[in-house]
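Everything on this sheet refers to the single structure shown next.
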Amino acid sequence: MTAAPGQQSDRELVERVAKGDRAAVRLLFMRHHARVYRFVARQTGSETMADDIASEVFLELWRQAPAFEGRSEVSTWLLGIARFKALSALRKKKEVWIDDDAAAAVPDTADTPEVAVMKDDKATALRGMVNALPEEHRTVIDLAYYHAKSVAEIAEILSIPAATVKTRMFYARKKLGEALQAAGFERGWP
């Protein structure tokens, strides 16, 4: 005995969609459209884009239902489709064509080969200097600058107080500054 249409699980509805049941798509739409719409609106910052993409998600549901393997919840699957479509739409939106004259007028801000080599040399030297720091200082610098962790996150990762993280960071920076100066490098880039 099957459950009443309103009581069927999302997975059962996707199975019905895979068999061409349009009513099952409508039920899934009613259950999940608002969540998908809000998710896409937050991703794109555009209600118009969110409305279009949310509709596309349910068209994609219609097309991909036979391939749904059930490894995740249907709502997760739909949000995954929505995320992909939102990212694609944002990429397309950024692709603005400009004419050759306008392109020629854009200033070239890339580093010269000399500056690029200087930056590379300094980065290599700096990484060596970081590796030469005592482990407690090296770990804090690594987490802060190479993994973009905040003081609070570093404190949590290392199970130490935030004040200790700040102290270690201060001494690590001081030692790095001294090492850079001793090696003949100036502060900043290049």
*Residue in region 157-169 that is open to solvent by less than 50 Å² (accessible area, probe 1.4 Å) and not in a helix (DSSP H, G or I) present*: yes
_Unmet criterion (only one of (1) at pLDDT 80 or above; (2) not in a loop (DSSP other than H, G, I, E, B)) for Ala148_ = (2)
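Okay, residues lined up against (1) among the acidic types (Asp, Glu); (2) within 29 Å of the chain's Cα centre (by Cα):
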residue	(1), (2)
Glu12	yes, no
Glu15	yes, no
His33	no, yes
Val36	no, yes
Phe39	no, yes
Thr48	no, yes
Pro66	no, no
*Going through region 19-31 one residue at a time, which ones are open to solvent by 40 Å² or more (accessible area, probe 1.4 Å) and under 32 Å from the mean Cα position of the chain (by Cα)?*
Arg26, Phe29, Met30, Arg31
*Count of region 39-80 residues which are small (Gly, Ala, Ser) and surrounded by 19 or more Cβ atoms within 10 Å (Cβ to Cβ)*: 3
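The values are calculated or read from the model by the stated rules, or taken from the named source; none is laboratory data. Keep in mind that this is a model prediction, so the values were computed, not measured. Glycine gets a Cβ as well: all are built from the backbone with ideal geometry, and neighbour counts include every protein chain shown. When the accessible area is computed, the model is the full protein with side chains, heavy atoms only, and any ligands, DNA or RNA have been set aside. Shrake-Rupley method; radii C 1.70, N 1.55, O 1.52, S 1.80 Å.
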